[in-house]
Amino acid sequence: MFQTSRICLIGVLYLAGCGDSEVDYFPLDSDRYWQYRIERTTMDGTVTQKYLLEALPAQILDEIEVVAKRTVDGHQYFYRRDELGVHRIARKLRDQAEIEADTPAVLVLPSKLEVGVSWQERSVTSVLENSGPPWETLFRLIHPITLTYTVESVDDDVAVKAGEFRHCLRIVANGKATADVGNYVGKTDIQVHNIDWYAPNVGLVRSERRETSSATPLGAGSISLELESF
């Protein structure tokens, strides 16, 4: 979400279901789309917007089969599925002429999904910003942070505008970092708390992220995402 965050924006592939069927928590089939409502809150207030993703046909990138998910504003994010899980391996932002590799690749969801499974991934802060005092213009703190992701449930029920979904994954992430903001504030401690819910054969249906700072002018911010249609 937004992560950059975590809009980075922002996770597991196969889990045994009933009988011999397989459940996919991060579908990469072409011609799929997902429309979300995003609510972003900073020290300057709250704004909402729509966010649309579509999956493009599979293609070969550096001899690897990948699927790109394209946003409504033209950004593309490239994913590969292997025995370890689903990884984001590259991106091509709207104004970029060339595809930029994610080095190392970002693990979105591991192949092993059970309560207690954990992994770490890099992220950046995305909602710690303020245009009020002591800054005369918008000041945004974008700082790298390592998050520890943990599968906390494989059987949540989630209700969003797009519908009610059962047997969802709930993945919780937490991280801490210290950043030097500069002359006005100096060093500040940052904490990030993120929760994602993934529905079987649908993908991400809800996400909630909160970032806090020990620096009073930056305070806290949050971003939430809810599936409206797919």
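No lab work stands behind these numbers, since they all come straight from the coordinates. Quick caveat, the model's predicted, so the values are computed rather than measured. Reconstructed Cβ throughout: ideal geometry from the backbone, glycine too, with neighbour counts over all protein chains shown.
Quick notes
- Karplus 3J(HN,Hα) series, Hz, for region 134-142 with 6.51 cos²θ - 1.76 cosθ + 1.60 (x for Gly, Pro): x, 9, 8, 10, 4, 10, 10, 8, 10
- Computed from phi, the 3J(HN,Hα) profile of region 144-157 under the Karplus parametrisation 6.51, -1.76, 1.60 (θ = phi - 60°) reads x, 8, 8, 10, 9, 9, 9, 6, 9, 7, 10, 9, 7, 9 Hz, with x in place of Gly and Pro.
- Positive-pole candidate from Val205, Leu93, Gly182, dipole of the chain, charges at beta carbon: Gly182
- Nearest-0.05 FRET efficiency for Glu63 and Thr146, computed from C-beta distance (R0 30 Å): 0.50
- Separation in nanometres of the label points that stand 7 Å from Cα toward Cβ, at Thr46 and Gln76: 3.7
- The convex hull defined by the C-alpha atoms of the chain has an orientation-averaged projected area of 13.2 nm².
- In a simple Cβ point-charge model (Lys, Arg +1; Asp, Glu -1; nothing else charged), region 2-229 has a dipole of about 540 debye relative to its Cα centre.
- Applying 0.36 nm per residue to the separation of Glu228 and Lys112 and subtracting their alpha-carbon distance, the gain on full extension is 38.9 nm.
- Between Ala97 and Glu164, the FRET efficiency from the beta-carbon distance, with R0 = 41 Å, is close to 0.40.
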